[in-house]
Amino acid sequence: MEKKWWHNKVAYQIYPKSFYDTNGDGIGDINGVIEKLDYLRNLGIDIIWLSPIYCSPLADQGYDISNYYDIDPRFGTIDDLDRLIAEGKKRGIGIVMDLVVNHCSDEHEWFKKACEDPDGEYGKFFYIEDYKDGDPLPCNWRSYFGGSVWEKLPGHDDKIYLHVFHKKQPDLNWENPKLRKEVYKMINWWLDKGIAGFRIDAIINIKKKLPFSDYSVDGDDGLSSIDNMLKDATGVGEFLNELADETFRKHDAFTVGEVFNEKDEELPLFIGSHGYFSTMFDFSAESIKEDISPENYKNAIFKAHERVDGIGFLSNIIENHDEPRGVSRFIPKEDLDDTSKKMLAGIYFLLPGLPFIYQGQEIGMENLDKVNDINDLDDCANANIYETALHEGKTHAEALAHLINVTRDNARTPFQWDDSENAGFTDGRSWLMVNPKYKNINLAAQINDSDSVFIFYKELISLRKNPEYESTFVYGKFAPYKPAQKNLLAYSRVGEKSVMVIANYQKDAQTLSLPSKIKKVLLSNTSKTLDNSSFNSTEIVLSPYELLVVEMV
Ligand code: TEU
Ligand code: CA
C-alpha cells in the first residue's frame, strides 16, 4: 500500500456548539477549541474534524449552510478560525472542516435568487419542478427527517423543490456544471487557507436517480425510503472523481467520506491509493438493525475490515454527532463501567485504519437516562422519531423512552469538563441540557487518575504511536482470531511485530487458547499483570470484560 502522510494519525471530532463556551452565551465557540488545543495535544491528537461552523440558521445545527465563506457569529469569526489553524499547526494538529455540499440552507443567497427567478441561473442550482395542487408529486421519496422530499418553493404556488434532508436544506443540483464549479472554487479557497482537509457530509446523496420516479411504498405515509433510490442511482463516481481532481488531489488533502450504500466493486475507487477520498467511515456497527450483541458487533467490524483488506483505510468510530454514545449502545446497561468502556475502546482503536475519537468519548460519556419532555431535547430529527413511535402504537412515555435511546442529542450534550455548574462548559445557560451524569463523569476527575478511562485512551494513543509498534498497528496484517468463540472478540495485527488484541466481551470469565505464547503485555484494562506462569502457557483465563493487548512470541 502506498504510504500517505495521514496513515499514522489519530483524529478527534469536535462538535463546536457543545465543546467549550468562552463568552458565556451558552454556545461553544472557536475560541473554546483554541483554549483546549493543549488538552488535545496532550491526549495525542493529530487531526481535528470540526462539525460545521459556517454561517447557518442552525436548523440542522450547521449542516444547513447559508454562507460557505464565513463563520457563523455564534461560533466566532474568520480571524478566530485562522488563529485556530495557526495554533493547531504550532502543535502539529491539522484542522479538517466539514464539507456539506449535497445541500445548502434555504437562507443561502443561491436559494434566495432561485426563489426570485426559478427559471434563471440559480434556479438551475437546485431541483425545482412545476407543481399544481392535486397533481401527483414527481416522486414518493421520504426525506431523512420524515415526510416528502418535496416542498413548495417560497413565493411560488406552482413550483416545488427537492430536499432529501430537512426542508431548510434544499438539495444542490450536481448535474449542473456551473454549480459544481462554484463548489470546487469554495473548496479550494478553504484548502488555500491551510486546512488539512475535509470530512465530506452525506456525499452519496449528490447523485439522484433521474428522471424522478416512485419506488415501492415502505411505510404508512405512502412514501419510500431514500435508500431505494440510492441503490438505483449510478454515476456518483463521475462527480466524485471530478471533485477530487479539481480540489483534494491538488492539495494532497486528507478527506474522509461519510459514505453509505457503496457497492463492493466501488471500494477501490472510493478509498484505493488514488481514490476519491483518503478514507471513509466504517458505519457497519452503527448500522446494525437488531439488538446489539457481542456477536453481531464482532461480525460487523470484522467483515468491514476484511472487505477493505489490501484496498484502503477505513476510519473507525464508536460514535459521532449522529449516534447515541458508543458505550451506551455497545455495552449492556448493567455491565457498563470503566472496565467495559476501556474494552470497547481497545477493540476499535487498534483495528486497521484511522481511529477517530468523538468529543467526550475519551472520558466515557454516556447517553442521557431520561428527559421529562421532548422539549428538553433539540434535534430536528426528534419529532419524526417520536411521532413514528406513537403511530406504531407506543404510549407517550414509551415513545419518549425510545427517543432517548436513539436521539442524536445524546452525543450533543455539552462536554463534561468538571463537576461545577453546567459541567464547566459555560458560565451562561447551555443551549442544550447537560447530561446529569457529569457529577461522576468529567475530565477533571479523570485527568490525574491512572485508572481512568481518559488515561486509558491516552495510553492507547501512545501505544499506537510507540515507534516500536507503530508500523504494526498502522500497516500490520489484520486477521480475526477464533471468530466463532462466543463473546470473544480477538484479532491479530502482524507486521514487524506480532500483536494480538483480545477482549472478553461478557460479564463472566472465559478461557482462551492462544496460537503461541505471550511475549509481553502491552496494555490491559485490569490491574492484573500476567504473571510469569501465564507467559509459559498458551491457555489464558480472561476476567469479565478484560481487554489484553499482547505481543506474541
Ligand atoms: O448525516 C447524513 C446521514 O445520512 C445520516 O447519518 C443522518 O444524520 C440520519 O440519517 C438522520 O437521522 C450527515 C450529518 O452527519 C448529519 O448531522 C446531518 O444532519 C446530515 O448529514 C445532513 O447534512
Ligand atoms: Ca460562545
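Structure data summary
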{"read-out": "Some residue of region 399-410 being within 16 Å of ligand 1 (Cβ to nearest atom) and in a loop (DSSP other than H, G, I, E, B)", "value": "yes"}
{"read-out": "Which listed residue, of 113, 132, is surrounded by 15 or more Cβ atoms within 10 Å (Cβ to Cβ) and without any contact (Cβ under 8 Å) to a residue 40 or more places away in the chain", "value": "113"}
{"read-out": "Region 295-323, residues that are free of Cβ contacts under 8 Å to residues at least 40 places away in the same chain and under 22 Å from residue 410 (Cα atoms)", "value": "none"}
{"read-out": "Flag if residue 273 is of a type in the set (Ser, Thr, Tyr) and without any contact (Cβ under 8 Å) to a residue 12 or more places away in the chain", "value": "no"}
{"read-out": "Wholly within region 446-553, strands (runs of 3 or more DSSP E) carrying at least 2 residues that are open to solvent by 40 Å² or more (accessible area, probe 1.4 Å) and among the small types (Gly, Ala, Ser)", "value": "none"}
{"read-out": "Qualifying residue in region 65-86 (condition: aromatic (Phe, Trp, Tyr) and more than 16 Å from ligand 2 (Cβ to nearest atom))", "value": "yes"}
{"read-out": "Filtered residues of region 36-49 (kept if more than 13 Å from ligand 1 (Cβ to nearest atom), open to solvent by less than 10 Å² (accessible area, probe 1.4 Å) and closer than 16 Å to residue 85 by Cβ)", "value": "37, 40, 45, 47, 48"}
{"read-out": "Yes/no for residue 270 being more than 24 Å from residue 499 (Cβ to Cβ), in contact with a strand residue (DSSP E or B) (Cβ under 8 Å, 6 or more places away or on another chain) and part of a helix (DSSP H, G or I)", "value": "yes"}
{"read-out": "Some residue of region 435-443 being β-branched (Val, Ile, Thr), assigned to a helix (DSSP H, G or I), under 30 Å from residue 510 (Cα atoms) and touching a helix residue (DSSP H, G or I) at 6+ places or on another chain (Cβ under 8 Å)", "value": "no"}
{"read-out": "Boolean, residue 346 is in contact with a strand residue (DSSP E or B) (Cβ under 8 Å, 6 or more places away or on another chain) and either within 16 Å of ligand 1 (Cβ to nearest atom) or farther than 25 Å from residue 37 by Cβ (or both)", "value": "yes"}
{"read-out": "Any hit, region 92-107, residues being in contact (Cβ under 8 Å) with a residue 12 or more places away in the chain, assigned to a loop (DSSP other than H, G, I, E, B), within 16 Å of ligand 2 (Cβ to nearest atom) and open to solvent by 10 Å² or more (accessible area, probe 1.4 Å)", "value": "no"}
{"read-out": "Candidate set from region 378-395 (those that are farther than 20 Å from residue 435 by Cα and of a type in the set (Asp, Glu)); member that is least open to solvent (accessible area, probe 1.4 Å)", "value": "387"}
{"read-out": "Subset of region 9-35 [surrounded by fewer than 19 Cβ atoms within 10 Å (Cβ to Cβ) and more than 10 Å from ligand 2 (Cβ to nearest atom)]", "value": "35"}
{"read-out": "Residue 342 being open to solvent by 10 Å² or more (accessible area, probe 1.4 Å) and touching a residue at least 24 places away in the same chain (Cβ under 8 Å)", "value": "yes"}
{"read-out": "Residue, modelled with the lowest pLDDT, within region 228-276, restricted to residues that are under 21 Å from the mean Cα position of the chain (by Cα) and of a type in the set (S, T, N, Q)", "value": "261"}
{"read-out": "Subset of region 135-154 (residues that are within 20 Å of residue 215 (Cα to Cα) and out of contact with any Leu (no Cβ under 7 Å at 6 or more places or on another chain))", "value": "135, 136, 137, 138, 139, 143, 144, 145, 146, 147, 151"}
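Residues checked against (1) farther than 28 Å from residue 24 by Cα; (2) not hydrophobic (A, V, I, L, M, F, W, C):
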| residue | (1), (2) |
| --- | --- |
| 83 | no, yes |
| 86 | no, no |
| 91 | no, yes |
| 101 | yes, no |
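The values are calculated or read from the model by the stated rules, or taken from the named source; none is laboratory data. Keep in mind that this is a model prediction, so the values were computed, not measured. As a convention, Cβ positions derive from the backbone with ideal geometry for all residues, glycine included, and neighbour counts pool all protein chains shown. Calculation scope for accessible area: heavy atoms of the full protein, side chains included, ligands and nucleic acids excluded. Shrake-Rupley method; radii C 1.70, N 1.55, O 1.52, S 1.80 Å.
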